[in-house]
Structure formats: structure tokens, C-alpha cells
Amino acid sequence: MTMNFFRGVMGGQPAGPQPTGAETIHKLCDRVASSTLLEDRRDAVRALKSLSKKYRLEVGTQAMEHLVHILQTDRSDSEILGYALDTLYNIICNDEEEEQDESEDMAAAPPVSGKHKNVPVSDENAQKQEEDLGVLFTDKFLGDSENVTLLLTLLEEFDFHVRWPGVKLLTALLKNQCNQVQGVILVSPMGVSRLMDLLADSREVIRNDGLLLLQQLTKGNAAIQKIVAFENAFERLLDIITEEGSSDGGIVVEDCLLLLVNLLRNNSSNQNFFKEGSYIQRMKPWFEVGDDNSGWSAQKVTNLHLMLQLVRVMVSPVNSPGATSSCQKSMYQCGLLQQLCTILMATGVPADILTETINTVSEVIRGSQINQDYFASVNAPSNPPRPAIVVLLMSMVNERQPFVLRCAVLYCFQCFLYKNQKGQGEIVATLLPSTIDANSISAGQLLCGGLFSADSLSNWCAAVALAHALQDNLTQKEQLLRVQLATSLGKPPVSLLQQCTNILSQGSKVQTRVGLLMLLCTWISNCPIAVTHFLHNQENVPFLTGQISENLGEDERLVQGLCALLLGICIYYNDNSLENYTKEKLKQLIEKRIGKENFVEKLGFVTKHELYSRAAQKPQPVFPSPEQMLFDHEFTKLVKELEGVITKAVHKTSEEEKKEEEVKKTLEQHDSIVIQYKDLIRDQDTQIQELREQVSTLSLNSEQMHNQIIQQQSQIQQHKDQYNILKLKLGKDSQGLSSSQGEGAHVNGLHSEELSQLREEVEELRRQHALQHTQLSDKDSLINTLRCGAAAAAQTAEGGAGGSDNTELLGEVESLRSRVQAQCAEISQLQTERQELIRRAEAVSSAPASSSESSTDTVKVSELESRLAAQTTETERLKEECRGLREGHAGLEQQLASAQSTVAIEQTEKTKLQQEVQESKKEQDDLLMLLADQDQKILNLKQRLRDLGETIDEDEDELDTRDQFGEDDDDDDEEDEENND
């Protein structure tokens, strides 16, 4: 019956009035709430889904609580969960896209009638009402934060019909109430991790919708951005981009890039994590383009545009300088900057991609000297090759180029010169007469051409670009004063400064005059020489005062303010070198012709202009139209710096000026004194460091010399030993010669080989002596050098940390020198003895050999030979006996050692036994004492028994007496044994 009623509600068309949509939805909600059968509830929820778009208000108002209850209770049925999630999505989502329902859903939908018609809504008020409905139902769903937690739990279901609508519903909630949903997800355990699992889903539709969900989730919440990043989001997203074809991929690549931009923009932690993870290197292949760049699809243009934006996020000027510099360095090292410059010079690249590439290159090189140097070396593929800077400037001063492209080129030029004094000098040098090349177009020529062209936008861009070449660079401001321009034939050349003032006085367009005034203010600020050149022209000051004093229209107020700023700079940076235009006279002129209050009011027109605050926000020149291109970012900082000091300078009296000058002089003197002391301290630190290095060097040399002396001592000892051996040999030979001439002759003939060996040893001694003499000379010079260096170190380091070290080193050097002198004396003595030895050897070798002819000598020689043989035999025998005695002695020593060890062991054992005997004796004494006490007690007891009249057995008395005497005998025996021992 229940099913029949439900089919009657949802199925056919019975006769009678048709129910309204609200009535039908009410019945369906009752059916969802009251039906006990899962099939009935499922059909009712499916019907609510089919009606949820057409009757969004009714379904959202009546059915939301029932649908949430379904999500809580019917977790086992994925189909009813999917219908409930789809229904909630339809009533919360504000998108105009209509989902295609299944055919069974279309068949089940009743033909209801009501006030809501399925009519396309184009009216803005109707669209606003639809959005309000989405926010209303979102707030109702978020009334209980557990609903979001429930939704996160459902996302863990792998079933497609549950997970996909859950992802879409959570995305819709984030779109309507982002902060509130982010707060719930942030405190939910593993909430972000569950959402990150969507990127690993093998079903692309869930993965892609998961990307959209994460885009909404990471908007403006740094904490969630960090969690997502540390859930390995960068690795997964870059892998998806590579799988989808990088820049040639579809909309999935676009979604990944949007999510990456969300994670990195204004999040220094994620930017550092991205850089440290070497993900910048993975971006390089994205920008590889071929020779033929025609026919790019719209999706590829979008993807590449987002890729360029991602690079800019990493090097944005709003990031911390340290992080930006680190990323710029990485982009140069991995070749990303080179790849971007290739796109910059490629042909056929779409205009918007080229513009964004120029902006990207600008921020990659901004403030990075190595990147700026590389960019200066890039040449365009033209014939002849031209620098990329020149090609870009040609586009900037060409009025036929798109406005956004010209702005991008100006930004690129500004970034190239930012904190780049080398580049500033190169640009100004192209304007100087000595460096102008008539056969080629230079950057300076293009800037001058743009500065004086008929196009006001070119005038403004060229003036701002030239001002950046002078920014914070006093040298180039003075160099630019040398530039001379040929205005027309037959007329003398005029300076660039004068030509700018001439054009300014001719009353050109406001944009041109603003650009020239900004250039002049930047040029002469903080440059007294340029101020003097400007005031030297007698027409400049009257022109400025006339412009300031006039009451002009609204458009001219900015020009008046800039003229007041220029005149104030002439006062503040005036060195009073021109008598007619000193500080005091200029202030008097202002007071008479303009009035101080009026002057200050006109000066305030600059900062009060509506375009001033817009230009002060960021360095990149972004303007809706060329007419609004009036202020430069760097110039706004100059105005902010000078406005206050100029106002004070105008109001100061001459006495205050004098006092301020005196204070300035005093401060300058103090600064100069401080600088002198700093230089002195720096020099002393340098000297101390040098002295320490010298001390360490001297210590090392001293150690080396010490080692050499030890080696020489060992060599001298060896020479002494050799000398003694030779002396003994020669002594024996001389004795044999004095006892018998024949014997001497025999020795002379017998030891001829020994004499030749002796001569060789003498020659060797001579060579060693010469070598030692050379080494001693080197050491003498080294010691003198060390002594001079140590003396100089002791004089320069007065009271320094190295004084004590130098004194010790000098003492050590003196001791070494004394030792070397002693060795020299010893070597001289050895040399004298060696000469005596050589003389004696020569005398032996030159002895007459005539006695060998006689027979007597022959007999004597035979006797000597026999005696020598006998002595040799005896010597060998004695050696053998000595060797045997040594071996026997060694054996006896071993036996003695063994006996000593045995004695020590026995002595130890004896000591132990004596200790044991003493302990046992002590124990026996204790036992005897106990027995004696017991015997005494027994005797007392027996005596008491006798007194009481008891009879005692005599045998027991004898036995006790015997035992007592026996124990006494044992004690006596033990004492005798101990005495015998």
C-alpha cells in the first residue's frame, strides 16, 4: 500500500487537481522521514534530487535535515548516499550549469505545477537572489560543524557515486562560505590529508574535481597552504602536469597551475620549500618552444600564461629580498632564465605571451647582478645581431606597438637598471660623445629619440627610463651633464639638460611635461653640480615660479606640484656657488612671488593626486589607459623622501640655516674622526692578523729547524763513530810500521784494499763536510731573517697579543743559534782530525816498498802471516766461546726468572696457609672458651645437685675429668708444633 501511494505521488496522472511543487516535496520529505524500507527512502530521495534544481527553495527549506539524517544513518547504501549528496549540491551550488539526470530520474519526476517555472534567468537581480539562496542554505548546513566532518568521512568511500558528489558538495560549500569551512577542516583530524588523497584517485573526473576543491580550500589560508604543501602536493601536481603534456595539456594542467599559484603566492614557507625541493629545475622544460610558434591553441596560451605567473610568484618584488635573490640564483643556474630569453627573442609568439614573458624576465633579473649581466649579453637573432635591450627599447618608443607591451618593456628596462650601477654606466655611456657609433643604434639614441618625439607616451617612457639610469648614482648624473644635442643645422649644440627645460617651457602635453619634470627632479636631486647647471640658465627659475604662482585648471595642478618640487630641490641641494641663486635668495623669491604657504600647498598636489597612490603600490607600471600613465614607482619614493625636507628648508630662517650648517659641519667632523679611528682600528687589526700569521710561520720554521738540527746531530755522531774506527785502524797500521819495516811493507801490501776504501771514505767525508757547510750557511741566513722579522714584529705589535709569542720565539732562535755554533766548532775539530787522518793515510801509502826484496823480510812476512792466521783463529774461537757464554747466560737468566716466579708463587701460598692456620687457631680458641664455660656450668650444676642430696655417678665425673685433661693435652701439642715451626 505504501509503494502504491508513493507511485501515485511520483508516477501517473490521476484525475483531479495537480499538487503544487511544495506539496509534492512535503510528501516526499514525509516519506523519507517515515519509511522503514530502504527502497522507499531511496526512491523518495531520488525524486527530491530531480526536483532540487527547479524547486531549489522548497527542497532546501524542507528536505535538508532529512538529507543530512540519511547521510548519518544509511551509510551502508551507496546509492541513497549519492542521491542525498547530489540533492544537497543542487540546492547549495550557485552554478548555472545543469547536470543531466539519469533517464530513470526523469521518468520518476512528477509533472508538478507551481509558481516556479523553468525559465532561463538573465536578470541580475534574479542571479543575485540565486546566490543569496546558496549562501543561505550553506549557512544552514554549516550550522552544525559535524556536518562538514561527516562529509569528510564520506569522502573516504571509494564508491564513485558517493565520492564524486561529496567532492562537488564540499567545493560548493567552500565557494559560498570559504573561511568557515576552512576552519572546520583545519581542526578536523586528518582533514586535509583526506582531501589530498583525491589527487591519487585513478578516476580522472574525481582527481580533476579534487583539484578544484583544493583550489577553493587553499585560498587565503596560509596554514592550510603549508599543510597541503607538506603533504607532497608539489610533487603530485608537477607529475600531473608532466603526464598531461605540460603547456600542451588541457584544462587539468590549468587547474594544477592555479593550485600551485595559490600555494606559493605570499607564502614564504612554501616558496622556500619549493626552492629547496629543487622544483624550480622541473619548470624549465615547460618553456621549451620550437622555431614554428604559429597556431597556438587558446588552452596552450592560458597554460603558458599561468606558468609564467608561477615563475613571477617566486621572484615577486613583494617577497623578502633574501628569498627572491635565492630563487633568482636558482633560475639562472638551472637555465630557466636562458629559456625565457629564448622565448623573448623567438618569432611567432602570441603578443600576450610575449608581454608576460617580458614581465617575467624583468622580475627574474631585478636586483640580481649576475642575471642582469647575462641579460645584457643576450642578442636578438637579427642581421647584424643587436642586443636584446636595444630591440626592446625600439618597441617601447614605437607608438604602433600595443600599450601593454610598451609598459612591459619599460618595466624590463627598469628592472635591468635596478641596483645595477654597471648597467647604468653602460646606458649613459651610449649618450656620451666619445662612445657614439654612427653605424649602429644604441640604447641612448633610442631614449633621446623617444624623449623628443611627437608621441607623448614615448616622451614619458623615455624620460622615466632615463631617470632610472640615474637613480642613486651620482657619477652618472654628473656624466649626463656632458651630453650635447644637435638641434638643427647651423646652430650650436645644447646640453641635454637645457633641451629638456626648453621642451618643458614650450607647453607640450601634460604627460610629456610630467615625464620631463620627473626626469629633472631625479637628475638634480642629491647632485649639487647638476643643480648649479640647472640654475645657471637664467630662464629656468622664472619659468618655475611662474608656473607655480598661476591659478591653472585641475589638469595643470600636477604640473604645478612637480614644478614646486623641482624648485624645492634647487633650494635643498644648493651649494650657494651661484651668487644670484643662493638658498636664501631663492627662498626670498618664493616668499615674494608665490608665498611660502602657497608653495607648500602646491607641493602637496603631487601626493594628493589619485594616480600617485596607485603607482606607489608596486614597481610594475600597470595603467588602464595611456592617459593615466603619469607616475613612476621609484619617483613616488623620491617624493615621499623629499617633501618633508623641502617644506622645512623653505620655512627655515637664515639663522637656522647657519646653525644647521654648523651642526652639519660638527657632525661631519665627528664622522670624519670616527671614520679615521675605524680605519686605524681596521689597519691595526690587519697588522695584528699579519703578525699572527708571521708568528705561526716562524713557529713552523723553528720546528723545521729543530728537526734538521736533530738530524744533523745524528749525522755528526755517525761521523764521529766512523772517525774513531778509522783512527783505530790507522793506529794499528802505524804500530806495525814502527816495529818492522818488512812487517809494515807487508801490511802495506796486505791492506791495499783497506787503504783504497779509506780514501773513498775520506772523499765521502769531504763531500758531507761541504754539504753541511752549505746547510749551515743557509741556516745562518734563515736565522738572520727570522731575527729581523721578529724584531719588526716586536716593534709593530706594541702591547699586542703577539708580543709574548715573539719574545719566546726570539729566545728559541738564540738558543738554536748557540747550538748551531757549538756544532760548527765541533765540525771544525772533526775537520782538523780528519786532515790529520788523511795526512797519516797518505804517509802510510807513500812508504818505501824496497824492503820487500830481501829474503829476511820474506821470512818475517811469513811469520807475520802465520801469527795473523793464528790470531784470527784465536779470535774466532773466542767469539764462539763468547757466543756460547751469552747463550748460557741467557738460559741461566731464564732459569733464574722461572725460579724467582716459582718462589714468589710459593711465598704467596705460604702466606695464605699461615693466614688459614691463624684463623683456625682463633676458631679453636673460641671453641675451648665455650667448652670451658660449659664444663664450669656442668660442675656447678652437679655441685648443686649434690647439695640437694642427689647422687652423681662417679664414672661420669671421671669421664668429664678425662675429657678436660685430654683437651688440655691437645692444646699443649698444638703449641709445641707451632714452636717447632
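The values are calculated or read from the model by the stated rules, or taken from the named source; none is laboratory data. What you see is a predicted model, and the numbers here were worked out from it, not measured in a lab. In this analysis, Cβ positions are derived from the backbone assuming ideal geometry, glycine residues included, and neighbour counts consider all displayed protein chains. Accessible surface is based on the protein model in full, side chains and every heavy atom, while ligands, DNA and RNA are left aside. Shrake-Rupley method; radii C 1.70, N 1.55, O 1.52, S 1.80 Å.
HIS533 contributes about 100 Å² of solvent-accessible surface, heavy atoms of the protein only, 1.4 Å probe.
Under a 1.4 angstrom probe, counting protein chains only, how are ARG75, ARG366, ARG839 ranked by accessible area, largest first?
Numbers: ARG75 85, ARG366 45, ARG839 125 Å².
Final ranking, largest accessible area leading: ARG839, ARG75, ARG366.
In the context of the full set of protein chains, the range 372-516 has a per residue accessible area of 43 Å² (1.4 Å probe). Across the range 27-35, rounded Karplus estimates of 3J(HN,Hα) from the backbone phi angles (6.51 cos²θ - 1.76 cosθ + 1.60, θ = phi - 60°) give 5, 5, 5, 4, 5, 5, 6, 9, 5 Hz, Gly and Pro being marked x. Close amide H contacts of ALA380 (hydrogens built in the peptide plane, cut-off under 5 Å, sequence separation of 5 or more or a different chain): ARG386, ALA388. At an R0 of 45 angstrom, the distance between the Cβ atoms of SER382 and THR647 translates into a FRET efficiency of 0.30.
Assign one of three labels to the range 181-223, namely rounded, prolate or oblate, based on the Cα gyration tensor with a ≥ b ≥ c the square roots of its eigenvalues; rounded applies when a/c is under 1.5, prolate when it is not and a/b is larger than b/c, and oblate otherwise.
Details: a/c = 2.96, a/b = 1.64, b/c = 1.80.
Taking the square roots of the gyration eigenvalues as a ≥ b ≥ c, the range 181-223 is oblate.
Counting only protein heavy atoms and a 1.4 Å probe, tell me what percentage of the range 142-277's accessible area is made up of carbon and sulfur. C and S atoms contribute 49 percent here. Accessible area ranking (1.4 Å probe, heavy atoms, ligands and nucleic acids excluded), largest first, for ASP43, ASP926: ASP926, ASP43. Computed over protein heavy atoms with a 1.4 Å probe, the carbon and sulfur contribution to the accessible area of the range 622-674 reaches 56%.
Going by the alpha-carbon gyration tensor, a ≥ b ≥ c the square roots of its eigenvalues, is the range 191-328 rounded (a/c under 1.5) or, if a/c is not under 1.5, prolate (a/b greater than b/c) versus oblate?
Here the range 191-328 falls in the oblate category.
Work out the FRET efficiency for GLN684 and ASP30 from their Cβ-Cβ distance, taking R0 = 56 Å, and round it to the nearest 0.05.
Details: r = 97 Å, r/R0 = 1.73.
Efficiency computed from Cβ-Cβ geometry: 0.05.
Highest mean packing first, where packing is the average number of other Cβ atoms within 10 Å per residue, the peptides 714-722, 320-328 line up as 320-328, 714-722. For SER453, the accessible surface of its heavy atoms amounts to roughly 40 Å² (probe 1.4 Å, protein chains only, rounded to the nearest 10).
Ranking GLU146, GLU550 from most to least accessible surface, computed with a 1.4 Å probe over the protein chains only, gives GLU146, GLU550.
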